[in-house]
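In what follows, a single structure is set out as structure tokens and then discussed.
The values are calculated or read from the model by the stated rules, or taken from the named source; none is laboratory data. Bear in mind that the values here come from a model prediction, so they are computed numbers and not experimental data. Ideal geometry is used to build each Cβ from the backbone, glycine not excepted, and the neighbour counts take in all protein chains shown. Only protein heavy atoms, including side chains, enter the accessible area calculation; ligands, DNA and RNA are left aside. Shrake-Rupley method; radii C 1.70, N 1.55, O 1.52, S 1.80 Å.
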Amino acid sequence: QVQLVESGGGLVEAGGSLRLSCAASGRSLSTYNMGWFRQAPGKEREFVAAISWGGFGTYYADSVKGRFTISRRNANDTVYLQMNSLKPEDTAVYYCAAGRTIVVVRTTPPYWGQGTQVTVSS
């Protein structure tokens, strides 16, 4: 079973950037499709981005398309989420997730990290 740990969250002004990292332990990430989700206060958790196991396919929610970039470095068992042009509505706890298929990782991934807080001030 893979364990996931996120880092890189923090407080940033609107228009700024942050890069989140998700490190794996227990098993290599190289055979998993990976994703990022977020949950704002009082709202349901929502899909943000996903990347296929080889990095050839990427998928984004419409709300972040053009601003966020998901990438991975299998040699380091790490997945990244580069977030640019941040808006106050991006404020949320961001979660890393893993699954065996891209459909599963975009909808009901079985493996989750503990989350990292991102706060964007206006």
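Summary of values
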| read-out | value |
| --- | --- |
| Exposed-site-free run, longest, the chain (rule: trypsin sites (Lys or Arg not before Pro); DSSP loop; at most 14 other C-beta within 10 Å) | 66-99 |
| Dipole moment magnitude, nearest 20 debye, the chain about Cα centre, only Lys, Arg, Asp, Glu C-beta charged | 280 debye |
| Residue-normalised accessible area of the range 1-97, expressed per residue, 1.4 Å probe, Å² | 48 Å² |
| Surrounding net charge for Ala23, when Lys and Arg each add one and Asp and Glu each subtract one, Cβ distance under 9 Å | -2 |
| Residue-wise HN-Hα coupling along the range 105-116, computed from phi with Karplus coefficients 6.51, -1.76, 1.60 (Hz; x: Gly, Pro) | 5, 8, 10, 9, x, x, 10, 9, x, 8, x, 9 |
| The chain - percent of accessible surface contributed by carbon and sulfur, probe 1.4 Å | 49 percent |
| Amide H partners (placed H, <5 Å) of Gly16, local residues excluded | Leu86 |
| Most fluctuating residue given options Asp90, Asp77, Asp62, as computed from a GNM of the chain linking Cα atoms under 10 Å | Asp62 |
| Antiparallel DSSP beta bridges within the chain, percent to nearest 5 | 90 percent |
| Potential lengthening between Asn76 and Val5 on full extension [0.36 nm per residue; Cα-Cα distance subtracted] | 24.2 nm |
| About the Cα centre, charge dipole magnitude for the range 63-104 (Lys/Arg +1, Asp/Glu -1 at Cβ), debye | 160 debye |
| Net charge over other residues, Cβ less than 15 angstrom from the Cβ of Trp53 (K, R count +1; D, E count -1) | +4 |
